[in-house]
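Here's the structure, in structure tokens; my notes come after.
The values are calculated or read from the model by the stated rules, or taken from the named source; none is laboratory data. Quick caveat, the model's predicted, so the values are computed rather than measured. Because the Cβ atoms are built from the backbone with ideal geometry, glycine has one as well, and the counts that use them run over all protein chains shown. Heads up: the accessible areas ignore ligands, DNA and RNA and are worked out on the full protein's heavy atoms, side chains in. Shrake-Rupley method; radii C 1.70, N 1.55, O 1.52, S 1.80 Å.
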Amino acid sequence: MIFAVGFVAFFIGLMIYNARHRGRRQCRWRAYRQGEGATRWTCVHCGAQVEGEAGKPPTVCLRDHS
């Protein structure tokens, strides 16, 4: 019985984790430095390009917006 409750709790936790990361799970960002502090981020999966800070990749998948 305890095993079944733990199993259900695990899947509920997995569903919550996937729902929180749904918007960015497909994009894989690669940084191209453009000087002091400026970085161009390119998604390897969809090809979207975004300007931003060095060391902080975008947190949203732009697959449908590029």
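Residues checked against (1) aromatic (Phe, Trp, Tyr); (2) modelled with pLDDT of 75 or more; (3) exposed (fewer than 10 other Cβ atoms within 10 Å of the Cβ):
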{"residue": "Ala4", "(1), (2), (3)": "no, yes, yes"}
{"residue": "Ala9", "(1), (2), (3)": "no, yes, no"}
{"residue": "Cys27", "(1), (2), (3)": "no, yes, no"}
{"residue": "Ala31", "(1), (2), (3)": "no, yes, no"}
{"residue": "Lys56", "(1), (2), (3)": "no, yes, no"}
{"residue": "Asp64", "(1), (2), (3)": "no, no, yes"}
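Against the numbered list (1) open to solvent by less than 70 Å² (accessible area, probe 1.4 Å); (2) at pLDDT 80 or above, Gly35 comes up short only at (2).
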